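Each remark here refers to the structure printed beneath this line.
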Amino acid sequence: MTMQRRQFLKAGAAGLAMTGLAGCASTSSAPAKARVAVVGGGYGGATAAKYIRMLDPAIHVTLIEPNEAFVSCPLSNMVLGGFRGIGDITTPYTGLAKHGVEVVRDWATAVDMTTKTVALKGGSKVAFDRVILSPGVDFMWEALPSMASAEAQAAVLHAWKAGPQTVSLRKQLEAMPDGGVFVISVPLAPFRCPPGPYERVCQVAAYFKAAKPRSKIILLDENADVISKGPLFKKAWTDLYGGMIDYRPNSKAVDVDWKGRTVKLEFGDQKGDVLNVIPPQRAGDVAKPFITANNRWCEVDWTTFESKAHKGAHVLGDALQVAPLMPKSGSMANGHGRICATAVVALLNGEAPNPSPTLINTCYSMVSDKLAVHVTSVHKYDEKDRTMKTVPGAGGVSAAMNEAEGVYTMNWARNIWADALA
Ligand SMILES: Cc1cc2nc3c(=O)[nH]c(=O)nc-3n(C[C@H](O)[C@H](O)[C@H](O)COP(=O)(O)OP(=O)(O)OC[C@H]3O[C@@H](n4cnc5c(N)ncnc54)[C@H](O)[C@@H]3O)c2cc1C
């Protein structure tokens, strides 16, 4: 044991007595030397919680998450295509228990950095020495004023958080007559999962081709062009679904007449039988006090994921202001979780975190029931500019859509779910 580590254990024991934590329940027999609260059991939070326990079982980890089970956004577009059921993309949180993670099923309503507690909707509080926030995104409904009510949001779905909305949107597609029009609207980047909307169009087109071949898809994109894997998606739209998809770039949605099933654009309106409006996004509500960039995102030190707004708090995943060319993806959030867990364990043990971490992103998109394409990139910490930079020559995109990558997609999903949750 290093001198620093011995000193930490002494100081930690005194600190625990002071904060009244020494007697708190811990899944290991020894009293916990420190407590970490993790808010959000998605790709970032579940990974961080599990890895902290694996790296140092003496740390008590509480994961706060309202949902009974994790539902994956990756592969959720296949539920819309009818090629997967919601059960296929759902993983219970029970796997975390064997690592000694305490899972509390509740909403975090506030994080108090002075008292070092997370307040829960249920009325109790979770104390921490360090807190990790990975709440994903919430929506900027103010950009689409008529969508503010719960009634409007129940009628026009985003399905940009996998779960009940995914199932409901599939039902709307099933109820649509053959010859109907599906309108999907995409906000200006950055948003969760850059290739997600374009993959969704492929999946809905695959369903229409088989079940409703006279139907049309209108893709209203606020961006000037497809922002990820563009040539591959465009080739799939032409080769697999020729004539079915009408792609309209530079089409900014400014509101929705949800009763009249019309997306109101900056220039003109677009009516449809089923509307799927993906609103602009920002860091999840609970992370609001940690937002420092553009009134939308949280900034961090990339070696530890410690918040630039508050020491002792770490932020992961989609809630972040991304580094250049870094996507908001599950693959990234999982990597954030691992680097953050390693850094938190080092910091709680009085040791120095890794000064030059590396992240790898891989993102597959299913363009039919079997064919897929991918993009991958490697991001390394740049000490001079204190950000993550892509490694030149590393990564790339598929040469062409193919079945092998369809198989890799399913293996990637099974692996990442196991890595985060099993
Ligand atoms: C249609 C679609 C397809 C996608 N496909 C891919 C893909 O193929 N590959 C890929 O890598 N990525 C994909 N993504 C992106 C990926 O889903 C996200 O980037 C990833 O989920 C981000 O992880 P996160 O931990 O930041 O947030 P999430 O995984 O969303 O987790 C956030 C968690 O926090 C919880 N939470 C929120 N607020 C609170 C609170 N106040 N208290 C307690 N808990 C809270 C939520 O319930 C949720 O479980 C896709 C996204 C979409 C929408």
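Kindly express, to the nearest 10 degrees and within the range 0 to 90, the angle between helix 43-55's C-alpha long axis and the longest C-alpha principal axis of the chain.
30 degrees
How far is helix 164-175 tilted, in degrees, relative to the longest principal axis of the Cα atoms in the chain, given as a value from 0 to 90 rounded to the nearest 10?
10 degrees
For region 141-281, give the percent of accessible area contributed by carbon and sulfur heavy atoms, probe 1.4 Å, rounded to a whole number. Walk me through the numbers before you get to the answer.
Numbers: 3130 of 5670 Å².
C and S fraction of accessible area: 55 percent.
Could you order peptides 113-126, 207-220 by the average number of other Cβ atoms within 10 Å of their residues, highest first? Write down the numbers at each step before the final one.
Working: 113-126: 14.9, 207-220: 18.0.
Put in order of decreasing packing, that is 207-220, 113-126.
Would you mind getting me the FRET efficiency between Ala346 and Ala150? Use the beta-carbon distance for r and R0 = 45 Å, nearest 0.05.
Details: r = 44 Å, r/R0 = 0.98.
The pair Ala346/Ala150 has a calculated efficiency of 0.50.
Just to check, using Stokes-Einstein with a Kirkwood Rh over alpha carbon pairs, what's the diffusion coefficient of region 146-191 at 37 °C and 0.692 mPa s in µm²/s? Working shown, then result.
On the way: Rh = 12.1 Å.
The Stokes-Einstein estimate is 271 µm²/s.
Distance between the C-alpha centers of region 248-314 and region 58-89? Whole Å please.
21 Å
Ignoring any ligand, DNA or RNA, what whole percent of the accessible area of region 298-365 comes from carbon and sulfur when the probe is 1.4 angstrom? Mind showing how you got there, number by number?
Numbers: 1160 of 2090 Å².
Here it works out to 55 percent.
Taking a ≥ b ≥ c as the square roots of the eigenvalues of the Cα gyration tensor of region 45-166, is the shape rounded (a/c under 1.5), prolate (a/b larger than b/c) or oblate? Mind dumping the intermediate values first?
On the way: a/c = 2.71, a/b = 1.39, b/c = 1.95.
Oblate, because a/c is 1.5 or more while a/b does not exceed b/c.
Hull surface divided by four, with the convex hull built on the Cα atoms of region 141-281: how many nm²?
Directional mean of the projected Cα hull area for region 141-281 stands at 7.7 nm².
Just to be sure I understand: of the beta bridges DSSP finds with both ends in the chain, what percent are antiparallel, rounded to 5?
Numbers: 41 of 73 bridges.
Percentage antiparallel, nearest 5: 55.
Give the relative contact order (percent, whole number) for region 229-302; include only Cα pairs under 8 Å separated by 6+ residues. Write out the running numbers ahead of the final one.
Working: 55 pairs, mean separation 10.1, N = 74.
Answer for region 229-302 is 14 percent.
How much accessible surface does Val167 have with a 1.4 Å probe, in Å² rounded to 10?
Surface accessible to solvent at Val167 totals approximately 50 Å².
Please compute the modelled spin-label separation between Asp301 and Thr387, points set 7 Å along Cα→Cβ, answer in nm with one decimal.
Result for the modelled spin labels: 1.9 nm.
Can you tell me the 0 to 90 degree angle between the C-alpha axis of helix 3-18 and the longest principal axis of the chain, rounded to 10?
On a 0 to 90 degree scale, this one is about 90.
If we sort 289-298, 71-80 on the protection proxy, mean other Cβ atoms within 10 Å, highest first, what's the order?
Details: 289-298: 17.8, 71-80: 23.8.
Averaged packing, sorted descending, gives the order 71-80, 289-298.
Could you work out the helix-only [θ] at 222 nm for the chain, with each DSSP H run of four or more residues adding -39,500 (n - 2.57) and the total divided by the number of residues, to the nearest 500 deg cm²/dmol? Don't skip to the answer; put the middle values down first.
Working: 9 runs with 119 residues, N = 422.
Calculated mean residue ellipticity at 222 nm is -9000 deg cm²/dmol.
For a label point 7 angstrom out from the Cα of Ile360 toward its Cβ, which stretches of region 380-422 have the backbone nitrogen within less than 11 Å?
Output list for this probe position: 395.
Using Cα pairs closer than 8 Å and at least 6 residues apart in sequence, work out the relative contact order for region 258-401, in percent.
Numbers: 227 pairs, mean separation 21.6, N = 144.
Reported relative contact order: 15 percent.
Considering the Cα positions of the chain, please state its Rg to one decimal place and its Dmax as a whole number of Å.
Here Rg and the maximum Cα pair distance are 22.3, 73 Å.
With the contact rule set at Cα under 8 Å and sequence spacing of 6 or more, what percent relative contact order holds for the chain? Let's see the in-between values first.
Working: 917 pairs, mean separation 74.6, N = 422.
Relative contact order for the chain comes out at 18 percent.
Tell me, what is the per residue accessible area of the chain in Å², probe radius 1.4 Å? Can you show the working numbers first?
Numbers: 17570 Å² over 422 residues.
In whole numbers, the chain has 42 Å² accessible per residue.
The values are calculated or read from the model by the stated rules, or taken from the named source; none is laboratory data. Model, not experiment: these values are computed from the prediction. Neighbour counts are summed over all protein chains in view; Cβ atoms, including those assigned to glycine, are modelled from backbone coordinates with ideal geometry. Ligands, DNA and RNA are stripped out before the accessible areas are found, and what is left, the full protein with its side chains, is counted by its heavy atoms. Shrake-Rupley method; radii C 1.70, N 1.55, O 1.52, S 1.80 Å.
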